[in-house]
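Here is the structure we will look at, set down as structure tokens.
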Amino acid sequence: MSFNELGLSPKVLEAVTAAGYTTPTAIQAQAIPHALQRKDVMGLAQTGSGKTAAFVLPMLSMLESGRARARMPRTLILEPTRELAAQVEESFATLGKNHKLTVALLIGGVAFEPQAAKIDRGADVVIATPGRLLDHFERGRLLMTGIEMLVIDEADRMLDMGFIPDIERICKLLPFTRQTMFFSATMPPEIQRLTAQFLHNPVKVETAARSSTAETIEQKLVKTPHDPKAKRDTLRALIRSQENIKNGIVFANRKTTVALLEKSLKRHGFNAGALHGDMDQSARMKTLAAFRSNELTLLIASDVAARGLDIPDVSHVFNFDVPIHSEDYVHRIGRTGRAGREGHAFTMVTREESKYINAILALIKKDLPYFDIPGGAASGEEAEGDSPAPARKRGAKRPERHERAEREAKPERQERAEREAKPERQEREERPERAERQAAEQAPQAPRRDSQSARPQRSERRPRHSSHDDDAAPHETGFHAGNMPAFLARK
Ligand SMILES: Nc1ncnc2c1ncn2[C@@H]1O[C@H](COP(=O)(O)OP(=O)(O)OP(=O)(O)O)[C@@H](O)[C@H]1O
Ligand SMILES: [Mg+2]
């Protein structure tokens, strides 16, 4: 199968060749002909398998006839995170290089007015996060009645509880006759049931077993104690044990853990940066750009970075915590091993997390081996969930009990749903007076912290005694000094 057989226009084909794509991927080969026939499509394919081009290319072909009118964009792509929306805009720069299209990126956390000005001139394509899109609509800067094609990328996430009210509202503002396409690497049955209200007789394209992980990703589990310090020891030992590591993303379940891990890894000499939803947008973009350009070796991230991000170089993904939603596992580890490249994914598992890991194994229909870190964790403690807890030093943190892990895990579910949706919704609901609004538009608004994240974790609230600081940097002459591979070290 070649791109020529899919029905794409000559201008699109030329850009595809210039992008270096020689053969369409399975999702592209199977979805593009239907998309060009203006059918609704539900496209499910593994991470890194080229779903973006599967909707960008037919959209480009379709846009060749007709033109945009002021404030009435012709096509709309919805994305769950700002970074992902910005990345899809980049795809238009590459694949749409022969098309003189106006592409507007409507995302929260950055100035509103330049976005509005772009739509005023007439946008062919709008790529948006739902909150900011509705903000433009409510301020009367955008009409959605001219939208001919809607793409909801990461569709299962977008129909999840945090986003569904916005998505329902947006879809009511679009013409009934529009074409709609959904894409994702996962689609849990309870969410799939919801898709029926948005898609009309969709063509279902599913290129691999549902929620399966790419064959090119080597996946392993690593046993770790639950104690936070011992967990960080395990993580460092694990990273250092990887000889073939180029760079990696470390995922944690909570924003507070992300911030803590970044500090800790830096103190231990790693070249690390953080990305989570409580950071302001310029810091988020700066960190991501540094990671993309290899200035940063380790990106410590929340699930805000779990979906869609395409950084072809990423050699390793480390899950510091087992994700609570099994689908998140598929997306997190999918940041490596993309487009047929080799990738490595390690998931640290405490005894308390066994039910979550079992759910993941059932979802991906794989049994994953455990990896023994050569020489064990840096602390010398056995990285063995079943081993008896070591005697606690005075001032050291109390090992947390199972009930507490559960209690902490549950609210995160809500926090997760609100993470991207809340700050944006707030931007449009609590609209300041006109004068204030202008000022706010210059400076990005700090997203509101919900009650969960505003309260520091118990361990953070406890006063630290320097002599017992359990995450102190190693001594210069200590274990790690001569052991740090140059590429991992701070620059
Ligand atoms: N036909 C092709 N030939 C070669 N490379 C391709 C082709 N199509 C896409 N790619 C490349 O594959 C990589 C992954 O593509 P993309 O980001 O669209 O994956 P995805 O399926 O959307 O993954 P995810 O589920 O993680 O969002 C990108 O770097 C893209 O440039
Ligand atoms: Mg994608």
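The table for this structure:
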{"quantity": "Condition check for residue 57: surrounded by 19 or more Cβ atoms within 10 Å (Cβ to Cβ), away from ligand 2 (no atom under 16 Å from the Cβ) and under 15 Å from residue 150 (Cα atoms)", "calculated": "no"}
{"quantity": "Scan of the range 1-31 for residues that are within 15 Å of ligand 2 (Cβ to nearest atom) and either in contact with a strand residue (DSSP E or B) (Cβ under 6 Å, 6 or more places away or on another chain) or of a type in the set (A, V, I, L, M) (or both), ordered by number", "calculated": "26, 27, 31"}
{"quantity": "Filtered residues of the range 300-336 (kept if within 15 Å of ligand 1 (Cβ to nearest atom), among the aliphatic types (A, V, I, L, M) and touching a residue at least 40 places away in the same chain (Cβ under 8 Å))", "calculated": "301, 304, 305, 306, 309, 314, 317, 330, 333"}
{"quantity": "Residues of the range 123-150 that turn out to be acidic (Asp, Glu), crowded, with 22+ Cβ neighbours inside 10 Å and within 11 Å of residue 175 (Cα to Cα), as a count", "calculated": "0"}
{"quantity": "Subset of the range 160-184 (residues that are more than 16 Å from ligand 1 (Cβ to nearest atom) and of a type in the set (A, V, I, L, M))", "calculated": "161, 164, 167, 170, 173, 174"}
{"quantity": "Residue check for residue 111: over 30 Å from residue 364 (Cβ atoms), in a loop (DSSP other than H, G, I, E, B), out of contact with any Gly (no Cβ under 9 Å at 6 or more places or on another chain) and away from ligand 2 (no atom under 16 Å from the Cβ)", "calculated": "yes"}
{"quantity": "Conditions (1) under 24 Å from residue 21 (Cα atoms); (2) aliphatic (A, V, I, L, M); (3) buried (at least 22 other Cβ atoms within 10 Å of the Cβ); (4) in contact with a helix residue (DSSP H, G or I) (Cβ under 8 Å, 6 or more places away or on another chain): number failed by residue 86", "calculated": "(3)"}
{"quantity": "Evaluation of residue 331 against (1) surrounded by fewer than 22 Cβ atoms within 10 Å (Cβ to Cβ); (2) over 24 Å from residue 229 (Cβ atoms) (one fails), failing number", "calculated": "(1)"}
{"quantity": "Residues of the range 148-162 satisfying the condition of being touching a Pro at 6+ places or on another chain (Cβ under 6 Å) and either away from ligand 2 (no atom under 16 Å from the Cβ) or over 15 Å from residue 194 (Cα atoms) (or both)", "calculated": "none"}
{"quantity": "Checking residue 217 against (1) within 13 Å of ligand 1 (Cβ to nearest atom); (2) closer than 23 Å to residue 35 by Cβ; (3) in contact with an Asp or Glu (Cβ under 9 Å, 6 or more places away or on another chain), the condition it does not meet", "calculated": "(2)"}
{"quantity": "Elements of type strands (runs of 3 or more DSSP E) contained in the range 180-259, each with 3 or more residues being surrounded by fewer than 22 Cβ atoms within 10 Å (Cβ to Cβ)", "calculated": "203-206, 217-223"}
{"quantity": "Pick from the range 293-312, criterion within 16 Å of ligand 2 (Cβ to nearest atom) and charged (D, E, K, R), ranking: nearest to residue 235 (Cα to Cα)", "calculated": "303"}
{"quantity": "Residue match in the range 89-101 (condition: in a strand (DSSP E or B) and modelled with pLDDT of 95 or more)", "calculated": "no"}
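The values are calculated or read from the model by the stated rules, or taken from the named source; none is laboratory data. No experiment lies behind these values; they were computed from the predicted model shown. Note: ideal-geometry Cβ built from the backbone for every residue, glycine included; neighbour counts use all protein chains shown.
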